[in-house]
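Peer 1: Before I ask anything, here is the structure I am working with.
Throughout, read-outs are computed from the coordinates displayed, never taken from laboratory work. This one's a predicted model, so the numbers in the text were calculated from it and none came from an experiment. With ideal geometry, Cβ positions are generated from the backbone for all residues, glycine too; neighbour counts draw on all protein chains shown.
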Amino acid sequence: MAKKEAQRMRRGDRVSVRGESREVKAVRTDRASSDGSVILVFKTGSPMRVRADEQLDVDRGGRGTR
């Protein structure tokens, strides 16, 4: 897994959340937030709000990490 900023997540990316790998279904901008947060929506489990510049472990399933 590589480190990427939350704002660079894409649908289909697998993100490590609390030691568990979850597939991203959607990435939304949190307009109510003043700190530039994004909301990661997963195929399973609850959505997660993170700062847009927060570094997350991501696996793009062979699609590259750019």
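Peer 1: How about the stretch 11-38: which of its residues are under 18 Å from Asp57 (Cβ atoms) and without any contact (Cβ under 8 Å) to a residue 40 or more places away in the chain?
Peer 2: Narrowing the stretch 11-38 to residues under 18 Å from Asp57 (Cβ atoms): 11-25, 27, 38.
Selection gives Arg11, Val17, Arg18, Gly19, Glu20, Ser21, Arg22, Glu23, Val24, Lys25, Val27, Val38.
Peer 1: Of the numbered conditions (1) out of contact with any Lys or Arg (no Cβ under 9 Å at 6 or more places or on another chain); (2) loosely packed, with under 12 Cβ neighbours inside 10 Å; (3) not aliphatic (A, V, I, L, M), Asp53 fails exactly one; give the number of that condition.
Peer 2: (2)
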